[in-house]
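What follows is a short report on a single structure.
The values are calculated or read from the model by the stated rules, or taken from the named source; none is laboratory data. Remember, it's a predicted structure, so these values are computed and weren't measured experimentally. Every residue, glycine as well, gets a Cβ built from its backbone with ideal geometry; the counts of neighbours run over all protein chains shown.
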Amino acid sequence: MKKKMKINPILKKELMVGSRNMKMSWGIFGFNAFLTLIVIFVMMILNANSNIDGYDFGDLITLFPVLGCVECGVLSLVVPIITSGSISGERERQTLDIMLTTPVKPFSIALGKLGSAMMLVMIYMVSSIPVMAIAFVLGGMNWGALLGLIVMMLYLGAYVGSVGIFCSSVVKKSIAATVLTIVIGIGIIVLTSSIFGIGTSIKAYYQTIHNNSISYSPGALPIILMFNPYTPFADFMLRSMSSYSIYDIIASSGKMPVILTAVYKAWIPVSVVLNLLIALGFLKLAARNIAVTHNRK
């Protein structure tokens, strides 16, 4: 007899409950309606700035970065709301005690909660393909860019979702967990950008006081930006819309060692791997907090 494929029981439960809820359907409808309004607004601007009668369909390529950034922003707000109530919501509904009596391990609970959020992200992305297709069919974008955008959204969803689950395991109230998730996300962006900005300013000042006799090189300083989860998305957009990348911007500042050059050229995979390892750490911490609750019970 064929063995049945094992599915995480928490993921299975979340999918069954979510599929019966009309909130998901209305959420998908609202998301695509919002994207459609963005498309109409952009097309009106392009038509107003066009010097010819009708549309210059080549300009519709600008829809891709606009819609990509909008989807990134919506995902960054929706995923924390979903995941930040994953554990704290179980506490509020007084169902966490029942869940902890099952043989499901704490890490499987955290992983199942993240998996349900990722499935929702995938549903949102797939449902938006007809709207995104305008930039590809009429604007001439490469369909590989659409696949890359979906991968980027899944990566960001996994990172933000892991932070949300961790905050949900720490804070008892869902609203407080949502706020904490957003604060941590903004804090990571501000911290990495500030450290990079301060380091760059110090190097520039050091070069100035030596009358520019010392060649400026960013060195290993840009690696700090790799811990910003949104820099791979920015690099992906640069590569999709132009021949430039974050590496080209860094290389224009000065020569670098061969190892750093290879790392910066592979900015997207290196940064994604680093941030996914951080996301795994957040999941491990969430599982540890759930295990502590289990032991107390």
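Could you check region 150-188 and list, in sequence order, the residues that are among the aliphatic types (A, V, I, L, M), within 26 Å of PHE64 (Cα to Cα) and within 12 Å of the chain's Cα centre (by Cα)? Within region 150-188, ILE150, VAL151, MET152, MET153, LEU154, LEU156, ALA158, VAL160 qualify. Among the candidates ILE175, ILE134, ILE188, ILE165, the residue that is touching a Lys or Arg at 6+ places or on another chain (Cβ under 6 Å) and at pLDDT 75 or above is uniquely ILE165. Of the residues that make up region 192-206, is at least one out of contact with any Phe, Trp or Tyr (no Cβ under 7 Å at 6 or more places or on another chain) and closer than 27 Å to VAL39 by Cβ? No. Pairs linking a residue in region 282-297 that is part of a helix (DSSP H, G or I) to a residue that is at pLDDT below 60, with Cβ atoms under 6 Å and 6 or more positions apart or on different chains, do not occur. Specify which of the listed residues (LYS173, LYS255) is of a type outside the set (Ser, Thr, Tyr), in contact (Cβ under 8 Å) with a residue 24 or more places away in the chain and closer than 28 Å to LEU77 by Cβ. Exactly one residue qualifies, and that residue is LYS173. With a requirement of 2 or more residues that are at pLDDT below 80 and farther than 22 Å from ALA234 by Cβ, the helices (runs of 4 or more DSSP H) lying completely within region 26-120 that satisfy it span 88-92, 96-100. At least 1 residues being loosely packed, with under 15 Cβ neighbours inside 10 Å is the threshold, and among the helices (runs of 4 or more DSSP H) wholly inside region 168-266 those reaching it are 174-209, 246-251, 258-265.
Residues of region 247-288 being of a type in the set (A, V, I, L, M) and over 25 Å from THR200 (Cβ atoms), which ones? Give the derivation first.
Taking region 247-288 and keeping what is of a type in the set (A, V, I, L, M), we get 249-251, 256, 258-260, 262-263, 266, 268, 270, 272-274, 276-280, 283, 285-287.
LEU276, LEU277, ALA279, LEU280, LEU283, LEU285, ALA286, ALA287 - these are the residues of region 247-288 that are of a type in the set (A, V, I, L, M) and over 25 Å from THR200 (Cβ atoms).
Scanning region 193-220 for residues that are in contact with a helix residue (DSSP H, G or I) (Cβ under 9 Å, 6 or more places away or on another chain) and at pLDDT 85 or above yields a total of 3.
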